[in-house]
Amino acid sequence: MSLRRPPKEPPAAALHVGPAADHAAGLPAILSSLRHGLREMGLRRTVQTLRMVNQDQGFDCMGCAWPDPARRHHAEFCENGAKAVAEEATLLRAGPELFAQWSVAELAEQSDFWLGKRGRLTEPLYLAPGATHYAPVSWDDAFGVISGALHGLASPDEAAFYTSGRTSNEAAFVYQAFVRALGTNNLPDCSNMCHESSGVALEQSIGIGKGSVSLEDIEMADLILVAGQNPGTNHPRMLSALEAAKDRGAKVIAINPLREAGLSRFDNPQKVRGMLGRGVEIADLHVPVRVGGDLALFAAVNARLLAADALDHDFVREHCDGLDAVRAAAAALDPDAVRAATGLDDHVVDELTALVMASERTVICWAMGLTQHRHSVATIREVVNLLLLRGMIGRPGAGLCPVRGHSNVQGDRTMGIFEKPRPEFLDRLEPVLGYPLPREHGLDVVGTIEALRDGRVKVFLGMGGNFLSAAPDTAVTAAALGRAELTVHVATKLNRSHVTPGRAALLLPTLGRTERDVQAGGEQRVTVEDSMSAVHASRGRLEPASRHLRSEVAIVCALAERTLGARTGNVEWAALAEDYDRIRELVAAGIDGFEDFNARIEHGFVLPHPPRDSRSFATPNGRAQLIPNPLEVLDVPPGHLLLQTLRSHDQYNTTIYGLNDRYRGIKAGRRVVLVHPEDLRELGLPPGTTVDLLGRPDRDGTVRRADRFRAVAYDTPRGCAAAYYPETNALVPLHSVALESGTPTSKSVVIRLARSG
Ligand code: SF4
């Protein structure tokens with residue numbers, strides 16, 4: 001029993017607001033990494049784990065999906081990577097005694113921070129129908145409960161199987177094989193809520209839903225646009241790549257409503273100048289576009305490129321369709337609508353365009369700031385249009401860089417975790433697995449919540465993640481989960497989804513990425529795929545937090561065997577769990593790009609990307625598509641604001657590492673809303689006022705709300721606001737999704753502020 005104690009949560013009154021930072025990392029990042037490590041793991045374990053993260057024979061960071069450089073530093077991690085490791089390798093334990101002491105209802109009253117700080121789950125737990133407390137259960141009984149529930153369904157489509165991006169390739173592959181053997185494509189994943197809009201737009205434009213650059217391209221580029229992304233917090237090692245590019249004379253443009261510390265100056269703690277606080281200025285230009293104004297911005301830049309005839313005509317002629325259509329759309333672009341949508345003066349767009357025209361090697365990086373709006377697919381098509389017009393696809397030092405937020409979210413999709421699988425993917429895999437694969441498309445995240453709400457889905461299984469806190473419309477999603485006959489979560493630590501159970505619930509504790517995974521066939525490795533399509537191995541090195549833990553692969557294979565029998569088609573479930581090489585052999589036989597998978601994971605490899613590799617495009621006619629996009633200006637009624645939900649610096653997705661946001665001057669609290677001082681003045685709300693955030697009345701009159709936030713005067717465009725999720729996910733209506741991709745519009749929520757009662 002660990003003597004370590006979870007951190008105390010400060011009272012709401014302890015919240016302190018100070019000036020935002022103008023630089024990222026440096027000595028404070030080292031101290032913060034150490035503080036988290038010492039608090040969770042102690043000195044020896046902190047040193048032991050941080051020496052192994054992102055190292056050749058070590059484990060892959062379970063944070064974001066930023067790639068590892070070919071030559072790694074001894075300390076190949078960032079502050080938030082160190083926090084992610086400390087969270088998983090913590091010595092705190094959430095054992096049966098915790099669940100005996102606290103009822104599910106009492107646990108649900110605690111904050112996300114408090115729940116996450118209980119420590120690692122140690123044993124399988126079952127909440128029987130009508131029970132108030134989780135209680136220990138054997139693995140065998142747990143699998144019995146699940147297979148019984150699955151067999152009790154009228155159709156396999158009455159079950160949904162969610163995947164978080166932390167799941168390894170091997171676990172993702174057997175998971176989709178099991179789910180499809182059951183007969184459904186209900187495979188929602190966290191990508192539905194993050195880069196789905198990128199995947200849809202890229203598939204349409206270039207025939208593959210992945211970015212086209214490598215780390216070397218970033219470092220070779222002479223112009224890097226960073227749009228709707230905050231790398232200082234969400235992909236911190238990216239700052240090292242930007243620093244390297246800057247050192248070689250590249251220009252960096254930050255396109256973001258907020259002036260983020262990481263895009264202002266980077267004090268690289270691995271460099272003397274960084275430790276002396278004289279790091280590198282990152283952004284040469286900050287473009288403070290209005291929330292949701294990126295579509296108009298990129299359309300305006302493209303219109304200027306066309307007007308100036310600043311195109312790579314050879315590339316466009318040889319590889320692209322649609323030039324006339326985008327020319328017509330550009331000619332029809334309304335400058336007033338562009339100004340209204342972007343909130344920018346023309347000279348700012350002119351300056352940005354001039355930099356684009358002067359560039360020979362342009363990379364565009366983006367994240368949620370572009371993907372979580374109603375018109376996000378159109379926005380990303382305009383981003384692709386820009387690079388196609390300039391011939392920047394398949395050129396060294398240039399290309400597309402959607403930066404993934406979860407360490408293996410791209411890999412999971414490659415392994416088949418997708419509710420809308422391509423027919424050719426299933427055609428290739430079916431003979432390898434040896435059983436028919438369902439063809440009818442399944443449910444994405446929003447579809448799953450609607451089906452749970454309407455009683456069409458009765459069994460929910462979550463492979464990692466925190467479905468409830470990541471999802472929109474928190475109250476609706478919580479009620480929907482509560483309607484399920486059975487909810488099952490495979491997890492390492494306690495979170496809000498686990499204390500929002502169905503009529504019965506199971507909590508199945510799994511190995512973390514830091515932990516040794518020993519099966520009958522010996523010690524196992526898993527693989528992940530980063531944002532740049534590089535696949536590499538990860539080996540856990542720590543002893544598991546408990547002897548009851550099982551790997552995700554072992555859990556899925558045991559459940560499949562219990563539900564379907566020892567063998568399904570060509571698949572012997574137990575054999576796959578014994579030795580993951582066998583899983584990789586199936587992958588090599590059934591998925592493009594994984595030939596000789598087991599031989600190649602030793603040194604890692606990069607998956608094929610036809611546009612990058614050979615300027616070939618797997619579109620219906622084999623040519624890249626220049627696609628015109630209608631302009632959309634988000635309607636915000638007077639007295640209302642456009643809210644973007646975002647992370648603090650002490651947060652990774654829905655995991656709350658701490659209650660500070662050092663870069664934005666926030667300490668000891670999270671219920672803050674950042675608003676332009678002039679907007680606060682016009683609303684008659686002095687900074688520091690406690691306010692409630694109210695959504696626009698819904699069709700049925702429902703008004704979503706999030707209460708008791710401190711109004712903070714902050715440098716953001718007029719009419720825009722920002723606040724942290726998951727607290728503000730309650731304001732995002734379930735039906736408010738991006739066109740074509742179905743991604744919740746978490747980055748543009750119309751709200752108004754009201755003084756709290
Ligand atoms: S940049 Fe991302 S992957 Fe790298 S150490 Fe930091 S959190 Fe982990």
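The values are calculated or read from the model by the stated rules, or taken from the named source; none is laboratory data. Quick caveat, the model's predicted, so the values are computed rather than measured. Neighbour counts are summed over all protein chains in view; Cβ atoms, including those assigned to glycine, are modelled from backbone coordinates with ideal geometry. For the accessible areas, the whole protein counts, side chains as well, though only heavy atoms, and no ligand, DNA or RNA atoms are used. Shrake-Rupley method; radii C 1.70, N 1.55, O 1.52, S 1.80 Å.
Can you pull out every residue in the range 245-293 that is open to solvent by 10 Å² or more (accessible area, probe 1.4 Å) and touching a Phe, Trp or Tyr at 6+ places or on another chain (Cβ under 9 Å)? Passing the criteria: LYS246, GLU260, GLY279, VAL280, GLU281. Residues of the range 699-726 that are open to solvent by 40 Å² or more (accessible area, probe 1.4 Å) and either in a strand (DSSP E or B) or acidic (Asp, Glu) (or both): ASP700, ARG705, ASP707, ARG708, ARG710, ALA713, ASP715. Yes or no: the range 732-754 includes at least one residue that is within 23 Å of the chain's Cα centre (by Cα) and closer than 22 Å to GLY18 by Cα. The answer is no, given that none of the residues of the range 732-754 is within 23 Å of the chain's Cα centre (by Cα) and closer than 22 Å to GLY18 by Cα.
Give the residue that is surrounded by the most Cβ atoms within 10 Å (Cβ to Cβ), with candidates limited to residues of the range 595-611 that are touching a Lys or Arg at 6+ places or on another chain (Cβ under 9 Å) and in a helix (DSSP H, G or I). Step by step, filter the range 595-611, then rank; the result is PHE597.
ASP692 falls short on exactly one of the conditions (1) in a strand (DSSP E or B); (2) crowded, with 21+ Cβ neighbours inside 10 Å, and that condition is (2).
Every listed requirement among (1) under 30 Å from PRO677 (Cβ atoms); (2) surrounded by fewer than 22 Cβ atoms within 10 Å (Cβ to Cβ) is met by ALA296 save one, (2).
Within the span defined as the range 98-107, one or more residues are among the hydroxyl-bearing types (Ser, Thr, Tyr) and closer than 22 Å to SER469 by Cα. Hey, any hits in the range 188-201 for a residue that's more than 29 Å from the chain's Cα centre (by Cα) and buried (at least 23 other Cβ atoms within 10 Å of the Cβ)? No, there is no match, as no residue in the range 188-201 is more than 29 Å from the chain's Cα centre (by Cα) and buried (at least 23 other Cβ atoms within 10 Å of the Cβ). Restricted to strands (runs of 3 or more DSSP E) entirely inside the range 475-555, those with at least 2 residues that are under 20 Å from the mean Cα position of the chain (by Cα) and not assigned by TED's automatic domain parsing to the domain that holds GLY81 are 486-491, 526-529, 534-538. The number of residues in the range 441-481 being touching a Lys or Arg at 6+ places or on another chain (Cβ under 8 Å), surrounded by fewer than 20 Cβ atoms within 10 Å (Cβ to Cβ) and either under 17 Å from ALA504 (Cα atoms) or without any contact (Cβ under 8 Å) to a residue 12 or more places away in the chain (or both) comes to 3. Elements of the type strands (runs of 3 or more DSSP E) sitting completely within the range 202-275 and holding at least 2 residues that are within 27 Å of ILE627 (Cβ to Cβ) and not assigned by TED's automatic domain parsing to the domain that holds LYS83: these cover 223-227, 251-255. Screening the range 1-113 for helices (runs of 4 or more DSSP H) wholly inside it with 3 or more residues that are within 16 Å of the ligand (Cβ to nearest atom) returns the ranges 27-40, 43-50, 79-88. Would you check if there is a residue in the range 276-290 being assigned by TED's automatic domain parsing to the domain that holds LEU352 and within 16 Å of the ligand (Cβ to nearest atom)? Yes. Yes or no: the range 629-644 includes at least one residue that is surrounded by 22 or more Cβ atoms within 10 Å (Cβ to Cβ) and among the polar types (S, T, N, Q). Yes: one or more hits. Of the residues screened, ALA589 is one that is in contact (Cβ under 8 Å) with a residue 60 or more places away in the chain, among the small types (Gly, Ala, Ser) and in a helix (DSSP H, G or I). Among the criteria (1) over 27 Å from TYR435 (Cα atoms); (2) open to solvent by 10 Å² or more (accessible area, probe 1.4 Å); (3) of a type in the set (Ser, Thr, Tyr), the one THR568 does not fulfil is (1).
Open to solvent by 10 Å² or more (accessible area, probe 1.4 Å), more than 16 Å from the ligand (Cβ to nearest atom) and out of contact with any Lys or Arg (no Cβ under 8 Å at 6 or more places or on another chain), is that true of GLU485? No; evaluated as a whole, the condition is false for this residue.
Can you confirm whether the range 203-218 contains a residue that is more than 16 Å from the ligand (Cβ to nearest atom) and within 15 Å of the chain's Cα centre (by Cα)? Yes, some residue in the range 203-218 is more than 16 Å from the ligand (Cβ to nearest atom) and within 15 Å of the chain's Cα centre (by Cα). Starting from the range 652-667, take each residue that is within 16 Å of the ligand (Cβ to nearest atom) and outside any strand (DSSP E or B) and list its partners that are hydroxyl-bearing (Ser, Thr, Tyr) and open to solvent by 10 Å² or more (accessible area, probe 1.4 Å), counting only C-beta distances under 8 angstrom and pairs at least six apart or across chains. Hits for this filter: THR654/TYR725.
Cβ-Cβ contacts under 8 Å between residues 6 or more apart (or on different chains), taken from a first residue in the range 632-643 that is in a loop (DSSP other than H, G, I, E, B) to a second residue that is among the basic types (Lys, Arg), are listed as GLU632/ARG374; LEU634/ARG374; PRO637/ARG696; GLY639/ARG752; HIS640/ARG696; HIS640/ARG752.
Residues in the range 69-79: is at least one of a type outside the set (D, E, K, R), buried (at least 19 other Cβ atoms within 10 Å of the Cβ) and not assigned by TED's automatic domain parsing to the domain that holds GLY688? Yes, that holds for at least one residue. Scanning the range 598-617 for residues being without any contact (Cβ under 8 Å) to a residue 24 or more places away in the chain and hydrophobic (A, V, I, L, M, F, W, C) gives a total of 1. No other residue among ARG567, ARG541 is without any contact (Cβ under 8 Å) to a residue 12 or more places away in the chain, of a type outside the set (Ser, Thr, Tyr) and more than 16 Å from the ligand (Cβ to nearest atom) apart from ARG567.
Kindly check whether there is at least one residue in the range 278-301 that is acidic (Asp, Glu), without any contact (Cβ under 8 Å) to a residue 24 or more places away in the chain and in a loop (DSSP other than H, G, I, E, B). So far as the range 278-301 goes, no, none of its residues is acidic (Asp, Glu), without any contact (Cβ under 8 Å) to a residue 24 or more places away in the chain and in a loop (DSSP other than H, G, I, E, B).
Return the pair list, or none, for Cβ contacts closer than 6 Å from residues in the range 224-242 that are at pLDDT 95 or above to residues that are buried (at least 24 other Cβ atoms within 10 Å of the Cβ) and of a type in the set (Phe, Trp, Tyr), at least 6 apart or on different chains. Within 6 Å, the pairs are ALA227/TRP366; GLY228/TRP366; GLN229/TRP366; HIS235/TRP66; ARG237/TRP66; MET238/TRP66; LEU239/PHE266.
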